[in-house]
1. Only one of (1) within 21 Å of residue 197 (Cα to Cα); (2) free of Cβ contacts under 8 Å to residues at least 24 places away in the same chain; (3) not in a helix (DSSP H, G or I) is not met by residue 306, so which one is it?
2. Looking at region 189-202, which of the residues that are modelled with pLDDT of 95 or more and over 19 Å from the mean Cα position of the chain (by Cα) is surrounded by the fewest Cβ atoms within 10 Å (Cβ to Cβ)?
3. Criterion first (outside any helix (DSSP H, G or I) and polar (S, T, N, Q)) does residue 284 satisfy it?
4. Quick one: would you say residue 241 is touching a Phe, Trp or Tyr at 6+ places or on another chain (Cβ under 7 Å), in contact (Cβ under 8 Å) with a residue 60 or more places away in the chain, in a helix (DSSP H, G or I) and of a type outside the set (Val, Ile, Thr)?
5. Residue 33 fails exactly one of the following numbered conditions: (1) at pLDDT 95 or above; (2) among the hydrophobic types (A, V, I, L, M, F, W, C); (3) over 18 Å from residue 152 (Cβ atoms). What is the number of that condition?
6. Return the pair list, or none, for Cβ contacts closer than 8 Å from residues in region 311-322 that are modelled with pLDDT under 95 to residues that are part of a helix (DSSP H, G or I), at least 6 apart or on different chains.
7. Among the strands (runs of 3 or more DSSP E) contained in region 159-226, which hold 3 or more residues that are in contact with a helix residue (DSSP H, G or I) (Cβ under 9 Å, 6 or more places away or on another chain) and over 30 Å from residue 241 (Cβ atoms)?
8. Out of the residues in region 76-95 that are in a loop (DSSP other than H, G, I, E, B), farther than 21 Å from residue 278 by Cβ and in contact (Cβ under 8 Å) with a residue 12 or more places away in the chain, state the one that is farthest from the chain's Cα centre (by Cα).
Amino acid sequence: MLNKTLAFAIAATLSLGALAGCTASATSEVPSAPTVDKVAVTYVTAPLNVPSITERKTGAFAAAFGDKVDVTYAELTTGPEQTAALASGDVQFLFAVGATSVILSAANGADIAIVDMYSRSPEAFMLLSGPNGPKSPAELVGKTVGGPKGTILHELLLAYLASGGYTANDIHFVDMTIPDAQAALAGGHVDVALLAGPAASTMLSDGYRKVTDGKGLVGATIVVATTRAFAKANPAIVRTFREAHRSVLDYMTAHPDEVVAMTAAKTQLPAAAVRDMAAKYDFSADITDTDITAMSATVDFMVKNGMIEKAVDVKSLILPTE
């Protein structure tokens, strides 16, 4: 019943959009019919990607495209994996990728463009240690830190070090996934782990300590991305995807308890923990001036820390809306 209800709502919305599309096509010659028969979308649930969990559970993308376009999912969890799949054409939409990864990809010459915002959540990204672990940037010097390189968490680590006048050269960094960093911290193989979402929540409940979170250090912007070539060739597909994304957010607003329950089931977290963590997120899709400023600051930070050689113009990465 849930899928049918959502499908009906989306179908009604898209019917109105189709009429508007016909009017637009008469003047701008923008096609309104699907130009591909399938799209692949990344499915990333961590750190706490409530829109992705809600979309997958309700089938919003499939409902939006109907039987004309087959929607498949790619469970690629790291930024480099996602941007590589986008560049190869194996995936058409990155539904939740860190702005850091997008900027890095663009700086390396890849065709990548921002469709929407996905979330902003500085307080959800953390450096965690044991009870007697580092309490300041100075105490990180010489320590072993594990986490995913080239991500928001990596940016947070470098920003925290920089706040005390230190750099990556002052620590021993080990590139690893969030689950591996969590296990390494639990096993005593690293002094500090870069964690977010359920992994961070679990470790905090087990007595591990937050060294810092991203508040005041990183914008923690996560976006939705595609390639400019795909968007140019398939404007109706991108338009429908944007509409479906917003329908998911509307569903989350209208059914908060149900969304918490499905997120708790997916993450294996208590509902109370999901509510507490979700409160740290802003999932609105529209790209604001504040978002652009935050991502531009990330660009400056990446240049300064040698993560990219030349600055990227964030505004040039954003696809125009129709």
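The values are calculated or read from the model by the stated rules, or taken from the named source; none is laboratory data. Here the structure is a predicted model, which is why all the values come from computation and not from measurement. Cβ: placed from backbone, ideal geometry, glycine included. Neighbour counts: every protein chain shown.
1. (1)
2. 189
3. Taking the combined requirement at face value, the residue satisfies it.
4. Values: touching a Phe, Trp or Tyr at 6+ places or on another chain (Cβ under 7 Å): yes; in contact (Cβ under 8 Å) with a residue 60 or more places away in the chain: yes; in a helix (DSSP H, G or I): yes; of a type outside the set (Val, Ile, Thr): yes.
Yes, satisfied.
5. Only one criterion is unmet by residue 33, namely (1).
6. From residues that are modelled with pLDDT under 95, the pairs are 321/242; 322/24; 322/235; 322/239.
7. Numbers: elements: 172-175, 192-196, 209-213, 221-226.
Ranges flagged: 172-175, 192-196, 209-213.
8. 90
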